[in-house]
Amino acid sequence: MVTGYGDREKAGNRNTGRWKFLHRSLVLTIAMLGLLGSAGCPEYRVIVDVPVPPKIMFDTNIKEYTVSEFEGPSECASDIKEGIDTAAKNSGYLVPAIPGLPDLDGPLEVKGKVSTCSMKMGYGAMNTAMVLWHGGRQLHQEVVKEETNRPGASVEEVRATLIQRTVDRFVKSFLPTKKPEVRELRPQGSHDLGWMAMREKNWRQAIETWSTRTKEDPSNHRAWYSRGVAHEANSQLPEAVADYKKAVELNPEELYLRMLSHAQKMKDASTIINTRK
C-alpha cells in the first residue's frame, strides 16, 4: 500500500506527539525521584560566625587609634569616618586615643580621601583611598571602589549601602572580623533536641543535649561531632577542636577530618586576635 504525503505527515505528527509525551513523563519521573530522594535524605545545616584576623598584623605595642576627618565630599566622607571609628570602638581590639594622654608608642592613625561620591535614585559609585600611619610611617594603603545598582532604591539607601560596603572592606585591613559559614550537622533525625536547639540558635542548649548523649554513649561519633559544631557556633573553638578530634577517633570520615582541620585554623586565628587585646 502506497501512503500519500498527507498520511505520512499524520503519522509523523503522531510519532512526534508520542515522543513529547514520553519526554514529559521521563522529566516528571526524574523530578519525583529527586523529591523522594531529598525527602529521604534531609540535610541538617546551620550558619555559624567564624573569626577572621586582620589582613595585616601590627606591632603588639599599638593599642590606640585615631580616625582623622576624611577629605572629599562631606556627604560621604563624614559617614565613612564615623563608620570606621564605630567599628574600631566596638572591636575591643584597639581603644580610642585620649587627647592630651598619648600612648608612649603612639596611636594607629587612619586617614583617607573620597575621590568619587556619585549617587542618584537606584545607582551610585564611590571611590575612597585610605591610609594607615604609625609614628610618622605609612603602614598600609588601600583603595576601595564600590558601585551599586538597585532600581527603585532612594538616594539615601544607595548612599548607605555604598558607605557600609566601603567601611566593611577597609576595617578588615586592621581589625578582626567575623564571617558566616555553613556547617553540616549529624543529628539523630529531625526530632533530635540538639538539632532543634541549633535551628533556634540556642547553642548552649544544643551543647547540653549532645553532652548528655556523649555521656550515655561515648562511642556516638555523631553526637561528638554535632557538639563540636555547637561549640564552634558558641565561639568555643578549643572545645570544638576537642570534640572534632574525638569524632575523628571514633569514625575518621571525610567530613569530620575537614571540620577538624578548619576548626584548628580558626582556633589559631582566634589566638592571634586575643593576644592583641
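None of the figures in this text is laboratory data; all of them are computed from the coordinates on show. Owing to the predicted nature of the structure, the values given are computational and were not obtained by experimental measurement. So basically every Cβ, Gly included, is an ideal-geometry build from the backbone, and we count neighbours across all protein chains shown.
Once the convex hull of all Cα atoms in segment 61-176 is built, its volume per residue stands at 96 Å³. For SER118, neighbours were defined as the other residues whose beta-carbon sits under 14 Å from its Cβ, and their charges (Lys and Arg +1, Asp and Glu -1) total 0.
Under the combined filter of DSSP loop state and at most 13 neighbouring Cβ atoms within 10 Å, segment 146-205 retains these GluC sites (Glu not before Pro): GLU200. Amide hydrogen proximity for PHE70: with H placed 1.01 Å from N in the peptide plane, the residues at 5 or more positions away or on another chain lying under 5 Å are LYS81. Any of LYS172/LYS265; LYS145/LYS172; LYS145/LYS178; LYS178/LYS201 with alpha carbons more than 26 Å apart? Name them for me. The pairs that break the limit, which is 26 Å between Cα atoms, do not exist here.
The phi torsions of segment 44-58, fed into the Karplus equation with coefficients 6.51, -1.76 and 1.60 and a -60° offset, translate into couplings of 10, 9, 9, 10, 10, 9, 10, x, 10, x, x, 5, 10, 9, 9 Hz, rounded to whole numbers, with Gly and Pro shown as x.
Between amide H atoms placed 1.01 Å from N, distances below 5 Å from TYR44 occur with LEU185, all of them 5 or more places distant or on a separate chain.
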